[in-house]
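S.K.: I am attaching a structure below and will ask some questions about it afterwards.
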Amino acid sequence: MDGLKEAMNKALGELSPQTHELLMKEKITMKEEALDLIDDVQAKLDLDEALVMDGKKSVIDHEWRHKTATFIKHKRREVQKIERQISEHKRVINKNEFAKRIANLESRLANVETQIYGVTNE
């Protein structure tokens, strides 16, 4: 997986913080949609089980239940993958923000040194 990231970075270059922010927002939207879908499907599965337990439904479709449970399991894995991608985007954004702050502080320090000593001390 890291090799793929390195290859993409080589091909595309480093993405800007704004791009990471947009990608993160899109991933958050994808995560919310997946969670809504999981909730809807889980509700249908729970309703089916409740109908069977109440005796209102006598035929149990085990294949559908299995496929539905498998679908939910895969969607949850997809959500976990999206969450990892979101945290990666956050990490890159924070890294860029810290780099900007450090550069700003170094610039201010150089300015103060210039004012005090008359020359920079590099």
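S.K.: Using the 10 angstrom Cβ neighbour count as an exposure proxy, how do VAL41, VAL59, VAL92, VAL112 rank, fewest first?
M.R.: Ascending Cβ contact count within 10 Å gives the list VAL59, VAL112, VAL41, VAL92.
S.K.: For the chain, modelled as a GNM with alpha-carbon contacts under 10 angstrom, which of HIS20, HIS74, HIS66 fluctuates the most?
M.R.: Evaluated over the chain, the most mobile residue of the options is HIS66.
S.K.: Hey, if you drop one equal point scatterer on each alpha-carbon of the stretch 35-89 and run the Debye formula without solvent, what base-10 log of I(q)/I(0) do you get at q = 0.13, 0.26 Å⁻¹?
M.R.: Those come out to -0.42, -0.99, one per q.
S.K.: Among the listed pairs LYS73/LYS95; LYS56/LYS81; LYS31/LYS56; LYS25/LYS95; LYS25/LYS100; LYS31/LYS95, which are separated by more than 28 Å between their Cα atoms?
M.R.: LYS73/LYS95; LYS56/LYS81; LYS31/LYS56
S.K.: Continuing with the same structure: Taking springs between alpha-carbon atoms closer than 10 angstrom, which of GLU33, GLU97, GLU63 fluctuates most in the Gaussian network model of the chain?
M.R.: Answer for the Gaussian network model of the chain: GLU63.
S.K.: Moving to a separate point now. Given charges of +1 on the Cβ of Lys and Arg and -1 on the Cβ of Asp and Glu, with all other atoms neutral, how large is the dipole of the stretch 16-117 about its Cα centre, in debye to the nearest 20?
M.R.: For the stretch 16-117, the charge dipole is close to 380 debye.
We did not get these values from a lab; they are worked out from the coordinates using the rules stated. For clarity, every value in this text was computed on a predicted model and none was experimentally measured. No Cβ is skipped: glycine too gets one built from the backbone with ideal geometry, and neighbour counts run over all protein chains shown.
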